[in-house]
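Engineer: Dropping the structure in here first, questions after.
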Amino acid sequence: GAKDQGKNSYQYYTHDMQTAAIKRMTLLNDLRYAVKNKELFIEYQPIACFSSQKVMKAEALLRWQHPTKGRITPDEFIPLAEESGLIIDISNWVFNEVCANIKQWKAENRQELQVSINTSPSHYFNLESNITQWLNLLLDQKISARSILLEVTENLLMEANEMVSKKLFQFRQAGVDIALDDFGTGYSSISYLKRFPTDFIKIDRSFVKSMTDVSNDKVQCEAIIVMAKKLGIKVVAEGVETQEQYDILRSMGCDYAQGYLIAEPLSKTDFEAFWQKH
Ligand code: C2E
Ligand code: MG
Ligand code: MG
Ligand code: MG
C-alpha cells in the first residue's frame with residue numbers, strides 16, 4: 001500500500017545518501033594522501049593576447065591522478081578540499097609547484113609569462129592559511145610578483161571583510177595581479193570592482209557560448225567588456241571554442257582569449273612546446 005511505498009522510498013533515500021556520504025568520505029581520505037603520494041600535478045592552459053596573438057599568460061589547473069580511480073576532476077575534489085580545510089595544503093603545493101616552474105623557465109631564458117593561479121575563499125578567511133607567506137616565497141625565490149596572477153571569485157568579494165580586503169591589497173601592493181574568475185555567474189556588482197583591486201575580469205564561458213548558440217546573445221559580453229574598459233580593467237574571455245567567437249570578441253575589444261580554440265590545458269612539457277611555437 002501507500003504506507004509501504006512511503007517506507008520504501010524513505011529507505012532508498014537514506015541508502016542513496018549513505019552511499020554518497022561514504023563515497024565522499026573515501027575520496028576525502030584518498031585526497032589526504034594525494035599530495036604526499038605525488039598524485040597531484042598541474043596542467044597549463046595557454047592564454048593568448050588578441051592584439052599580439054602571442055601566448056602571454058597561462059592558467060595553472062590542478063589535476064589528480066588517482067591510483068585506482070584514474071583522473072578525478074577538480075570540480076569533484078576541490079569542493080571536498082574546501083569543506084575539509086585540505087585546500088590550504090593543496091594550494092600551498094600548487095603555489096610552490098608553479099613557482100618552481102617559473103624559476104626553471106626563467107633560468108632557461110624563456111619569454112615572460114604570467115601564471116594565473118586559482119585561489120579559494122578559505123585562503124583569505126582562514127587565519128591559519130597565511131596566504132601572504134606566498135609573497136615571502138616570491139622574494140626568497142627571486143620571482144617577480146608580475147609573474148603571478150591570483151584568480152578569485154565574485155563570491156569572495158561579496159562576503160569579504162576587512163581581513164580579506166587587506167590581504168588582496170597586500171598582494172596588489174607587492175605587484176601581484178588579481179583576476180575575477182567566472183565573471184557574471186555570481187553576484188556581480190560594479191561596486192566590488194571599484195572597492196577591490198581588480199586587474200582582470202575573466203568572462204565566464206557561458207556568456208561566450210551564448211554569443212553564437214541559438215540565443216545569439218552578444219549583449220552580455222559586450223557590456224562586460226565596455227564596463228571593464230571604462231574601469232581600466234583588462235578582459236580575458238574563457239571557453240573560446242570557435243573562430244566565430246574569437247572574431248566577435250576581438251571586434252568587441254576583448255584583451256585575451258582562453259579556450260580550446262587556442263589550446264586545451266596541457267602537460268608542462270606540452271605547454272612548453274606550445275609556448276615556444278606561439
Ligand atoms: P576555472 O578556474 O574557471 O578554470 C577554467 C576551466 O574551464 C578549466 O576546467 C578548463 O579546463 C576549462 N576550459 C578551458 N577552456 C575551455 C573551453 O574552451 N571549453 C570548455 N568547455 N571548458 C574549458 P577544470 O580544469 O576542470 O577546472 C575546473 C575548476 O576547478 C576551475 O575553473 C577552478 O575553479 C577549479 N580549480 C582548478 N585548479 C584549481 C586550483 O589549483 N585551486 C583551486 N582553488 N581551484 C582550482
Ligand atoms: Mg580560473
Ligand atoms: Mg573560470
Ligand atoms: Mg570556476
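Engineer: Here is a check on your reading of the model: is Thr269 part of a loop (DSSP other than H, G, I, E, B) and of a type in the set (Val, Ile, Thr)?
Structural biologist: Numbers: part of a loop (DSSP other than H, G, I, E, B): no; of a type in the set (Val, Ile, Thr): yes.
No.
Engineer: Right, next: Can you name every one of the helices (runs of 4 or more DSSP H) wholly within the stretch 147-226 that holds 2 or more residues which are within 16 Å of ligand 1 (Cβ to nearest atom) and in contact with an Asp or Glu (Cβ under 8 Å, 6 or more places away or on another chain)? Full working, then the answer.
Structural biologist: Details: elements: 154-159, 162-174, 190-195, 205-212.
Passing ranges, in order: 205-212.
Engineer: Shifting gears a bit: Give just the number: which of (1) under 18 Å from Ala60 (Cα atoms); (2) out of contact with any His (no Cβ under 7 Å at 6 or more places or on another chain); (3) at pLDDT below 95; (4) surrounded by 13 or more Cβ atoms within 10 Å (Cβ to Cβ) does Gln111 not satisfy?
Structural biologist: Tallying (1) under 18 Å from Ala60 (Cα atoms); (2) out of contact with any His (no Cβ under 7 Å at 6 or more places or on another chain); (3) at pLDDT below 95; (4) surrounded by 13 or more Cβ atoms within 10 Å (Cβ to Cβ), Gln111 fails exactly one: (4).
Engineer: Return the only residue of Phe183, Phe125 being surrounded by 15 or more Cβ atoms within 10 Å (Cβ to Cβ), in contact (Cβ under 8 Å) with a residue 24 or more places away in the chain and within 14 Å of ligand 4 (Cβ to nearest atom). Talk me through it step by step, then tell me what you get.
Structural biologist: On the way: Phe125 fails: within 14 Å of ligand 4 (Cβ to nearest atom).
After ruling out the rest, the residue left standing is Phe183.
Engineer: If we scan the stretch 57-66, do we find a residue that is under 16 Å from Glu151 (Cα atoms), more than 12 Å from ligand 1 (Cβ to nearest atom) and at pLDDT 95 or above? First the steps, then the outcome.
Structural biologist: The initial filter retains those residues of the stretch 57-66 that are under 16 Å from Glu151 (Cα atoms), namely 57-62.
From the residues that got through so far, the ones that are more than 12 Å from ligand 1 (Cβ to nearest atom) too are 57.
Still in the running and at pLDDT 95 or above: 57.
Within the stretch 57-66, one or more residues are under 16 Å from Glu151 (Cα atoms), more than 12 Å from ligand 1 (Cβ to nearest atom) and at pLDDT 95 or above.
Engineer: Quick check on my filter: what residues within the stretch 57-80 are in a helix (DSSP H, G or I) and more than 14 Å from ligand 4 (Cβ to nearest atom)? Even if it seems obvious, please write down each step before you answer.
Structural biologist: To start, the set of residues in the stretch 57-80 that are in a helix (DSSP H, G or I) comprises 74-80.
The one that is in a helix (DSSP H, G or I) and more than 14 Å from ligand 4 (Cβ to nearest atom): Leu80.
Engineer: Could you tell me how many of the residues in the stretch 245-267 are more than 17 Å from the chain's Cα centre (by Cα), over 14 Å from Thr212 (Cβ atoms) and charged (D, E, K, R)?
Structural biologist: The qualifying residues number 1.
Engineer: Only one of (1) within 16 Å of ligand 4 (Cβ to nearest atom); (2) farther than 17 Å from Trp64 by Cα; (3) touching a Ser or Thr at 6+ places or on another chain (Cβ under 9 Å) is not met by Ile102, so which one is it?
Structural biologist: (1)
Engineer: Please work out which residue is surrounded by the most Cβ atoms within 10 Å (Cβ to Cβ), limiting yourself to the stretch 198-212 and to residues that are farther than 14 Å from Leu180 by Cβ and in contact (Cβ under 8 Å) with a residue 12 or more places away in the chain. So that I can check it myself, show each step before the final result.
Structural biologist: Initial filter on the stretch 198-212 (farther than 14 Å from Leu180 by Cβ): 205-206, 208-212.
So of that shortlist, the ones also in contact (Cβ under 8 Å) with a residue 12 or more places away in the chain come out as 205-206, 208-209, 211-212.
Working: Arg205: 18, Ser206: 14, Val208: 26, Lys209: 17, Met211: 23, Thr212: 16.
The extreme case among them is Val208.
Engineer: Let me ask something additional. Kindly indicate the residue of the stretch 115-136 that is in a helix (DSSP H, G or I) and within 16 Å of ligand 1 (Cβ to nearest atom) and also nearest to Cys99 (Cα to Cα) among those meeting that condition. Walk me through how you get there before you give the answer.
Structural biologist: The first filter runs over the stretch 115-136 and keeps only residues in a helix (DSSP H, G or I), leaving 121-125, 133-136.
If we keep only those that are within 16 Å of ligand 1 (Cβ to nearest atom) as well, we get 121-125, 134.
Values: Pro121: 21, Ser122: 21, His123: 18, Tyr124: 20, Phe125: 23, Trp134: 10 Å.
Among those that are in a helix (DSSP H, G or I) and within 16 Å of ligand 1 (Cβ to nearest atom), it is Trp134.
The values are calculated or read from the model by the stated rules, or taken from the named source; none is laboratory data. Predicted model only: the values in this text are computed from it and were never measured. Neighbour counts are summed over all protein chains in view; Cβ atoms, including those assigned to glycine, are modelled from backbone coordinates with ideal geometry.
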